[in-house]
Amino acid sequence: MTILKKRMAEATEQSPGCDSSASTIRLIRTLYELEIEDAADINWEDLTKVFGDVTPHYVQTKFHRLKTKWVPRWQAYSFGEIIDFLYEKALPQLEEKLQLHTDEPEREMEDVSNQQESFLLSKIFSDI
């Protein structure tokens, strides 16, 4: 059954990046609104409420990946400067990306209506 679950899961299509972009946008906005100038002043436990059921480590890791991806030479900037950069430069691009994903609900509904409800085992295990 595990093999069957894995093979069927590979066939499902999800919209990658949509949820990730939304959570990244929430993180940037929240950090910007807190107006924190030093990373030591952040209560990561409180920030978990922005995402729901996640650990503080998850939020810290998400922020670290965010700053290393979007802020060139982030080591040279203070925490406040990094947040300002993310808010001014990365946030508009992420919002645009999210908007592109949300502008296609009709296509998604069409895809859902065209999904198969039954599968032939010969199709799933075609390589055996």
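The values are calculated or read from the model by the stated rules, or taken from the named source; none is laboratory data. Please read these numbers as outputs of a predicted model, since none were measured by experiment. Here the Cβ is made from the backbone with ideal geometry for all residues, glycine too, and neighbour counts use every protein chain on show.
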message: Against the condition polar (S, T, N, Q), surrounded by fewer than 14 Cβ atoms within 10 Å (Cβ to Cβ) and out of contact with any Leu (no Cβ under 7 Å at 6 or more places or on another chain), how does Thr48 come out, does it pass?
response: no
task: Go through the residues of the range 58-66 one by one and say whether even a single one is at pLDDT below 95, closer than 14 Å to Arg26 by Cα and charged (D, E, K, R).
output: yes
message: Of everything in the range 66-105, what is surrounded by fewer than 16 Cβ atoms within 10 Å (Cβ to Cβ), of a type in the set (A, V, I, L, M, F, W, C) and under 17 Å from the mean Cα position of the chain (by Cα)? Give them in sequence order.
response: Leu100
query: Does Gln115 qualify as being modelled with pLDDT under 85 and either of a type in the set (S, T, N, Q) or more than 30 Å from Thr2 (Cβ to Cβ) (or both)?
result: yes
